[in-house]
1. Among the residues in the range 257-273, are any closer than 17 Å to S44 by Cβ and in contact (Cβ under 8 Å) with a residue 12 or more places away in the chain?
2. Taking only the range 84-132 into account, find how many residues are part of a strand (DSSP E or B) and free of Cβ contacts under 8 Å to residues at least 24 places away in the same chain.
3. Part of a helix (DSSP H, G or I), at pLDDT 85 or above and crowded, with 17+ Cβ neighbours inside 10 Å, is that true of E262?
4. What are the pairs, 6+ residues apart or on separate chains, where a residue within the range 215-232 that is under 16 Å from A293 (Cβ atoms) and in contact (Cβ under 8 Å) with a residue 60 or more places away in the chain has its Cβ under 9 Å from a residue that is in a loop (DSSP other than H, G, I, E, B) and polar (S, T, N, Q)?
5. For the condition within 23 Å of K77 (Cβ to Cβ) and modelled with pLDDT of 80 or more, what is the one hit in A206, A185?
6. Can you tell me which condition K272 does not meet? The list is (1) part of a helix (DSSP H, G or I); (2) surrounded by 12 or more Cβ atoms within 10 Å (Cβ to Cβ), and all the others hold.
7. Output the number of the condition that K312 fails; it satisfies all remaining conditions of (1) among the basic types (K, R); (2) buried (at least 17 other Cβ atoms within 10 Å of the Cβ); (3) out of contact with any helix residue (DSSP H, G or I) (no Cβ under 8 Å at 6 or more places or on another chain).
8. Among the residues of the range 104-121, which ones are among the hydrophobic types (A, V, I, L, M, F, W, C) and at pLDDT 90 or above?
Amino acid sequence: MKLKNRADIWKQQKYNNSCAWDCFSMLLKTQGVETSSKELVGSSQVPYQLRLHPEENRLTAGMLVQDDEIVNLTIGKYALKLHSTRVSTIADYIELATETLLSGESFVTSLKRPDDLPGRHAVVFTGLADSIFLGLDPDCRLDRATDYHYSDVKDIVTLDLELEDFHQRVTGDNGYVPLLGVLVACDPLEVTSEMMKDVFSRSRVALDFFESATNELDFQNSKSMPVIYNVLKPALSDLRTAIEIRDEYQNRNSEIALFLKEFESEVLEFRKLTKNNELVPAKLTKKLSASLARSYNLLEKHLSYEMYRRNKALTNA
């Protein structure tokens, strides 16, 4: 039975960059499945994927494995997966969103961040009433160290958008048409060796680009910021978050997560100094260069381990 009360569905985002998984958890809740982003990331056979966007010269390390059109994340133990589609025009998107909600299904999508913040953010829409799109935001910049009750943050995380507002938040300023994801049944063994091979092949291409794009990075030059923002930071923060969640679920501490956290803090300090036109200490640039050189081997080692571990799990399944 699908839940209609948003107070019963809402999940709070507890990790950096985990909004998509928190939304997936909310969709599962509409199916009566109680879970969390920690459990989903920790138990998933494919908790993340390094991805290259060559036309934009940037990397992402998202926690949903996707190709150009479809997000196909299999959580076998629930026999459900997230199937997401990108239509060609915003008119088609709104028609699909309307049909989905009127059929009683909830969906996950992305909206432009409020208050002109950069980027996009995953949210869930649960219904349509009087031409109002009824949604839920897992975050809205809540303090992640605090556990909130829905009643305490209802006015912050509830989305009630009229069609014009929905259209604007969905497209942003550039007419972007996002993915729209719903739950569908799947074979618990749907994650195959061919799918895994494809996922790791794309991650390998992204890792090679990471090394080629950063191997001459000059941390003493503020002009390096585009590469740091588009290539280096996503590979640090997004990937680190996914690995930290998985390690926490499995009660282990991996070398790679600790390293990425420290390296990310160095990058953020560098970015803050350059943004404020302050002098970057030679000690910091030396640390950054050393961390970058070390990252190539560690990320390569980690990807090879992941390939071995996943292939072994599939062989034993």
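1. Restricting attention to the range 257-273, the residues satisfying the condition of being closer than 17 Å to S44 by Cβ are 257.
In the following step, the residues that additionally are in contact (Cβ under 8 Å) with a residue 12 or more places away in the chain were identified as 257.
Yes, there is a match, as at least one residue in the range 257-273 is closer than 17 Å to S44 by Cβ and in contact (Cβ under 8 Å) with a residue 12 or more places away in the chain.
2. As a first pass, look at the range 84-132 and keep what is part of a strand (DSSP E or B): 84-85, 107-112, 120-129, 132.
Now narrow it down to the ones that are free of Cβ contacts under 8 Å to residues at least 24 places away in the same chain: 129.
Result for the range 84-132: 1.
3. Working: part of a helix (DSSP H, G or I): yes; at pLDDT 85 or above: yes; crowded, with 17+ Cβ neighbours inside 10 Å: no.
Taking the combined requirement at face value, the residue does not satisfy it.
4. V231/N57
5. Working: A206 fails: within 23 Å of K77 (Cβ to Cβ).
One residue alone meets the criteria, A185.
6. (2)
7. (2)
8. Let us first name the residues in the range 104-121 that are among the hydrophobic types (A, V, I, L, M, F, W, C), namely 107-108, 111, 117.
Once the filter is applied, which keeps residues that are among the hydrophobic types (A, V, I, L, M, F, W, C) and at pLDDT 90 or above, the range 104-121 yields F107, V108, L111.
The values are calculated or read from the model by the stated rules, or taken from the named source; none is laboratory data. Keep in mind the model is a prediction, meaning the values are calculated, not measured. Heads up, the Cβs are rebuilt from the backbone with ideal geometry, glycines too, and the neighbour counts pull from every protein chain shown.
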